[in-house]
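Step one of this worksheet: look at the structure below.
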Amino acid sequence: MSQTDTALQTASSHLPQPVETRNPGLPLDLSWVRAVQANTSAIERRAATLPGRRSVKKEYQAAWLLKAITCIDLTTLAGDDTPGRVRRLCAKARQPVRGDLLEALGVEGITTGAVCVYHDMVEIAVEALRGTGIPVAAVSTGFPAGLSPLHLRIAEIEDSVKAGAHEIDIVISRRHVLTGDWQALYDEMRAFREACGEAHVKAILATGELGTLRNVARASLVCMMAGADFIKTSTGKEPVNATLPVTLTMIRAIRDYHERTGLRVGYKPAGGISKAKDALVYLAMIKDELGDRWLQPDLFRFGASSLLGDIERQLEHHVTGAYSAGWRHAIG
């Protein structure tokens, strides 16, 4: 087997490695939270260097793009979603890349990491993915604003779990962060975690609305203390969504939490990641800052829809040497 074939098989492997211990959370430690700082200028300088520091070509680039596919939460969160659209999205999740391209690359069994939908579409997605092992994620808690009454947000989580959702993407109350009410944020997140039961919970911070990177870092820590399985940047509906400085801030909070507790928490950038080259930068950052273990879909996801189409287009270019039109790689 050639070195490049080995690279393709290694990076495209996507069998989840179970987290040793699901993050149970910790009692709120306000001294730890208040000690967290963020050097914005240093973070921004570091983030600005990232796109030019890592470059993979040819077979290795194809391998990393296949890895990216296995970490995508293939998403539709539109007001005009229909059962037919969701079924088509699920079909794309089951076979995200054309069969002839996978055959040429010498790989098989590639799927996306999950499918993410509104609550009303959970049962449809669960049925469409039955037998595949692909989890269904539901956005919840008054997504995207998170301003409905608490009891309704908790009831929405419970209903999505009953409908078959394996993962729940909740949105925090931004006001708790902006006013520094960490106890309220902790209590809210803890209630959401308990309502999820066995379903894993991703805490959406809506970082574009939190004001500062210090707020992002502290909110990340509080949500992890409250038992979040993942922390996630954005709903995709804010004016500013996933950025490299925000990602660096959040994954360093994850690293700090792991170093202190031994517990691994996942990370999900969402919103605005639509190009294959951007996915490569995020994967390189995760590898550099957190290590290879976080390159599995049980600890890293992209919240995306159009990203998959561009990745498939790049893979076709790798196989054929020519770029195809975007419409040849429809998502659903």
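The values are calculated or read from the model by the stated rules, or taken from the named source; none is laboratory data. Please read these numbers as outputs of a predicted model, since none were measured by experiment. Positions of Cβ are backbone-derived with ideal geometry, glycine not excepted, and every protein chain shown enters the neighbour counts. Please note that ligands, DNA and RNA were not included when accessible areas were found on the heavy atoms of the full protein model with its side chains. Shrake-Rupley method; radii C 1.70, N 1.55, O 1.52, S 1.80 Å.
What the table below lists for this structure:
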{"quantity": "Qualifying residue in the range 184-197 (condition: touching a residue at least 40 places away in the same chain (Cβ under 8 Å), touching a strand residue (DSSP E or B) at 6+ places or on another chain (Cβ under 6 Å), more than 27 Å from residue 285 (Cα to Cα) and open to solvent by 10 Å² or more (accessible area, probe 1.4 Å))", "calculated": "yes"}
{"quantity": "Long-range neighbours under 8 Å by Cβ, at least six apart or interchain, first residue in contact (Cβ under 8 Å) with a residue 12 or more places away in the chain within the range 277-302, second crowded, with 22+ Cβ neighbours inside 10 Å and among the acidic types (Asp, Glu)", "calculated": "301/73; 302/73"}
{"quantity": "Unique residue being open to solvent by 30 Å² or more (accessible area, probe 1.4 Å) and closer than 18 Å to residue 235 by Cβ when the list is 73, 120", "calculated": "120"}
{"quantity": "Residue in the range 116-127 that is free of Cβ contacts under 8 Å to residues at least 40 places away in the same chain, closer than 30 Å to residue 322 by Cβ and among the hydrophobic types (A, V, I, L, M, F, W, C) present", "calculated": "no"}
{"quantity": "Exclusive hit being modelled with pLDDT under 95 and either touching a Phe, Trp or Tyr at 6+ places or on another chain (Cβ under 9 Å) or surrounded by 14 or more Cβ atoms within 10 Å (Cβ to Cβ) (or both), set 94, 34, 85, 22", "calculated": "22"}
{"quantity": "Residues of the range 285-322 satisfying the condition of being under 17 Å from residue 72 (Cβ atoms), in a helix (DSSP H, G or I) and among the hydrophobic types (A, V, I, L, M, F, W, C)", "calculated": "285, 286, 294, 295, 307, 308, 311, 315"}
{"quantity": "First in the range 103-115 and crowded, with 22+ Cβ neighbours inside 10 Å, second anywhere and part of a loop (DSSP other than H, G, I, E, B) and among the aliphatic types (A, V, I, L, M), Cβ under 8 Å, 6 or more apart", "calculated": "111/134; 112/134; 113/134; 114/134; 115/129; 115/134"}
{"quantity": "Complete set of residues in the range 166-184 that are under 21 Å from the mean Cα position of the chain (by Cα) and more than 23 Å from residue 135 (Cβ to Cβ)", "calculated": "173, 174"}
{"quantity": "Which numbered condition residue 294 fails, given (1) farther than 27 Å from residue 166 by Cα; (2) modelled with pLDDT of 95 or more", "calculated": "(1)"}
{"quantity": "Identity of the residue in the range 42-70, open to solvent by 60 Å² or more (accessible area, probe 1.4 Å) and under 16 Å from residue 213 (Cβ atoms), that ends up farthest from the chain's Cα centre (by Cα)", "calculated": "45"}
{"quantity": "Residue list for the range 161-175, restricted to those being surrounded by fewer than 21 Cβ atoms within 10 Å (Cβ to Cβ) and free of Cβ contacts under 8 Å to residues at least 40 places away in the same chain", "calculated": "161, 162, 175"}
{"quantity": "Residue within the range 305-312 that is buried (at least 23 other Cβ atoms within 10 Å of the Cβ), touching a strand residue (DSSP E or B) at 6+ places or on another chain (Cβ under 7 Å) and farther than 23 Å from residue 216 by Cα present", "calculated": "yes"}
{"quantity": "Residue selected from the range 209-227 under the condition at negative phi and in contact with a Pro (Cβ under 8 Å, 6 or more places away or on another chain), by the criterion least open to solvent (accessible area, probe 1.4 Å)", "calculated": "225"}
